[in-house]
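For reference, the structure discussed in these notes is given below.
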Amino acid sequence: MKIIGIAGTNGSGKDTVSELLVRHGWLFISASGDLFIPELKKRGQPLQREQMADLSTEWRKELGMGAVIDKAVEEYKKRSQTRKFEGLVISSLRHPGEADRVHELGGRVIWVDADSKIRYERINSRGQGIKDQKTYEQFLAEERADMQHVGDKATLSMSGVRTKADIFLENNGSDLEAFKTATEKALGLA
């Protein structure tokens, strides 16, 4: 099984990279959409960032630092019974143990980034509801909290993921097709 983990800052283009891989036959598992949200719904908990972070920390404490990746692999194996995929792409890695697990499975980790003001504008233009309605200062504070490792070894540490990335993609432009072309080249898909 081929596996790619996607990590990066909010609004940088992680989903764009994942969707590009889907077009090349990969299965895309979103940590939040495919793993956390269904579990939080089952538990009757709010579907907010804080609860998702708490759930991922819980899984790492109970199942190991690569638990999110292992759960995505389980889902890949289930779905592969009825359809053939080129590989598994999972987004969004937020802990270095997840990057380590991708590497243990022979995969690569991609870090996607863009200027913070560009990312803030992208997120605000999506109009996805109250969770995206925040000031630029709130956006930056939330990002600092995600990047810095605070707490025990099972809590979020996106900066720790960044240090383990194999491929770095910058998405500062407004030309989506140019970014996709550069991404395909960087991943050897072109």
* **Among (1) charged (D, E, K, R); (2) surrounded by 14 or more Cβ atoms within 10 Å (Cβ to Cβ); (3) over 13 Å from the mean Cα position of the chain (by Cα); (4) closer than 27 Å to Phe139 by Cα - the single one Lys41 does not satisfy** => (2)
* Would you please name the residue that is surrounded by the fewest Cβ atoms within 10 Å (Cβ to Cβ), looking only at residues in the range 151-182 that are touching a residue at least 24 places away in the same chain (Cβ under 8 Å) and under 14 Å from Leu20 (Cβ atoms)? => Leu176
* **Residue satisfying condition, being crowded, with 21+ Cβ neighbours inside 10 Å, charged (D, E, K, R) and either within 23 Å of Asp175 (Cα to Cα) or touching a strand residue (DSSP E or B) at 6+ places or on another chain (Cβ under 7 Å) (or both), within set Arg119, Arg126, Arg79, Arg108** => Arg119
* Asked: Could we say that Gly188 is assigned to a loop (DSSP other than H, G, I, E, B) and over 24 Å from His103 (Cβ atoms) here?
  -> no
* Give Val73, Val68, Val17, Val22 a once-over and let me know the one that is of a type in the set (Val, Ile, Thr), more than 22 Å from Asn172 (Cα to Cα) and surrounded by 21 or more Cβ atoms within 10 Å (Cβ to Cβ). => Val68
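I'd like the full set of residues that are surrounded by 14 or more Cβ atoms within 10 Å (Cβ to Cβ) and closer than 18 Å to Ser91 by Cα, limited to the range 48-63. Working first, answer last.
First, pick out the residues of the range 48-63 that are surrounded by 14 or more Cβ atoms within 10 Å (Cβ to Cβ): 49, 51-57, 59-61.
Result: Arg49, Gln51, Met52, Ala53, Asp54, Leu55, Ser56, Thr57, Trp59, Arg60.
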* What is the one condition in (1) assigned to a helix (DSSP H, G or I); (2) hydroxyl-bearing (Ser, Thr, Tyr); (3) under 11 Å from the mean Cα position of the chain (by Cα) that Tyr76 does not satisfy? -> (3)
* To do: Can you run down the residue pairs with Cβ atoms below 9 Å, 6 or more apart or on separate chains, where the first is in the range 27-49 and more than 20 Å from Thr16 (Cα to Cα) and the partner is among the acidic types (Asp, Glu)?
  => Gln45/Glu39; Gln45/Asp54; Arg49/Glu142; Arg49/Asp146
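With more than 30 Å from Leu63 (Cα to Cα) and under 18 Å from the mean Cα position of the chain (by Cα) as the only criterion, which of Leu156, Leu189, Leu176, Leu169 stands out?
Numbers: Leu156 fails: more than 30 Å from Leu63 (Cα to Cα); Leu189 fails: under 18 Å from the mean Cα position of the chain (by Cα); Leu176 fails: under 18 Å from the mean Cα position of the chain (by Cα).
The conditions single out Leu169.
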* Can you run down the residue pairs with Cβ atoms below 7 Å, 6 or more apart or on separate chains, where the first is in the range 1-20 and more than 22 Å from Arg144 (Cβ to Cβ) and among the charged types (D, E, K, R) and the partner is modelled with pLDDT under 95 and surrounded by fewer than 24 Cβ atoms within 10 Å (Cβ to Cβ)? => none
* So which residues in the range 82-101 are closer than 16 Å to Leu169 by Cβ and assigned to a helix (DSSP H, G or I), if there are any at all? -> Ala99
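The values are calculated or read from the model by the stated rules, or taken from the named source; none is laboratory data. Since the model is a prediction, treat every value here as computed from it, not as a measurement. FYI the Cβ positions are ideal-geometry reconstructions off the backbone, even for glycines, and counts take in every protein chain you see.
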